[in-house]
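The structure under discussion appears below in the form of structure tokens.
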Amino acid sequence: MLIKTKILLYLAGIAALLTLTRCFYSDKQNEGERLYTQNCANCHMDDGSGLRNLIPPLAGADYLENHRDDLACIIQHGQTGNIVVNGKNYNQGMPGFEHLNAGQITNILNYVQTNFGNNNPRFSIQEVEKQLFKCRHLLEH
Amino acid sequence: MERNNLRTFLSALLLGLLALSWQACSQNTAETSDLPYLGERQLVQREVDGQQVTDTVYHRIPDFAFINQDSQVVTSLTVQDKVYVTDFFFTTCPTICPKMKSQMIRIYEAFEDDPRVMLLSHTIDPQHDTVAVLRDYADRLQVNSDKWHFVTGEKDSIYSIALQYMVSAMEDEEEPGGFVHSGAFVLVDQNRHVRGIYDGTDPAQVDRLIRDIPTLLPKKKKKDADKN
């Protein structure tokens, strides 16, 4: 009898822990997805495919690997001028998202890095903060 | 008893099948049914053989003239006898435009080989979106200018024709990119009557638009023969 209760308690504990971590994890995942849908999907599309030669893809984009160190600043401050993604030229200009903070940018980037068939290393918030520090002079006051 | 059961089962089955086919049929008729005429209509009285007859005059897109990505003039004559889908956008639009364009590409591809269907996209930022800018935009979308015209013109004429299509478009400094505009796709028939307005950012509505277009096209002879 006593042993049974103990086992039950253990099981309940494990279950609670599992749900908690899952919530925690999927919350962040969800925030990345939500922010992506709100801010990026209009241009890069829900599946990250981009738009012909106008908007570069995020799905399978070599740019994400070759320019990993610039990604946080691109999101915060936008990008202009010609860039090459998977061998194609793009030159449409992307607006910046000054209202997003480092945590939000981290979540968006991790969503991009691990979805649309991408399997790139994730970002830590420290790494994103370090990148943003380099381009802080671009912030509007 | 057993027999009775079987009979009930069979008649139930039959009923079910009937209901199903009924549904399939009514869906069929819905697909070829006439689309509404949108916009204000006027009743006009006239006399025929001494009798008073009332005609309904539907809202009609007035004559227009704009310039496309090839510097060609696009007028109401260009769309004469065509079914066309039109929208309003600008190339530097930070919000819904790319989504609208990705949906418009679906319509383009669905009717690529049908010269009876055309697409007409108006820029609402003619100051920035010159012919050269539109040319580059169309090139990057890899679409053919006979089928899909990107037009620019006098700002006032563009904004006033937008009203005729029942689409909102205007300058607003508060808005991202400096303009408010709707993501509407407007379906216009051969007589320049508006027959449908769809949300160009919603794939399901664009599916419906792609299904609605053929109902406006003249039936092929063969199809008619099949029917009789």
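The values are calculated or read from the model by the stated rules, or taken from the named source; none is laboratory data. For clarity, every value in this text was computed on a predicted model and none was experimentally measured. Counting neighbours? That spans all protein chains shown, and the Cβs are built from the backbone with ideal geometry, glycine included. In case anyone asks, the SASA skips ligands and DNA or RNA and just uses the protein heavy atoms, side chains included. Shrake-Rupley method; radii C 1.70, N 1.55, O 1.52, S 1.80 Å.
Computed quantities for the displayed model
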{"item": "Matching strands (runs of 3 or more DSSP E) fully within the range B:56-113 where at least 3 residues are closer than 18 Å to A:LEU51 by Cβ and open to solvent by less than 20 Å² (accessible area, probe 1.4 Å)", "result": "B:83-89"}
{"item": "Among residues of the range B:169-192, those that are in contact (Cβ under 8 Å) with a residue 24 or more places away in the chain and either open to solvent by less than 50 Å² (accessible area, probe 1.4 Å) or closer than 20 Å to B:ASP81 by Cβ (or both), counted", "result": "16"}
{"item": "Wholly enclosed helices (runs of 4 or more DSSP H) of the range A:58-141 bearing at least 3 residues surrounded by 15 or more Cβ atoms within 10 Å (Cβ to Cβ) and out of contact with any Asp or Glu (no Cβ under 7 Å at 6 or more places or on another chain)", "result": "A:71-77, A:102-113, A:125-134"}
{"item": "Flag for B:PHE150 being at pLDDT 95 or above, within 14 Å of chain A (Cβ to nearest Cβ) and under 18 Å from B:VAL188 (Cα atoms)", "result": "yes"}
{"item": "Residue match in the range B:127-139 (condition: closer than 26 Å to B:ARG211 by Cα, open to solvent by 20 Å² or more (accessible area, probe 1.4 Å) and part of a helix (DSSP H, G or I))", "result": "no"}
{"item": "Number of the condition not met by A:ASN42 [criteria: (1) modelled with pLDDT of 95 or more; (2) outside any loop (DSSP other than H, G, I, E, B); (3) within 11 Å of chain B (Cβ to nearest Cβ)]", "result": "(1)"}
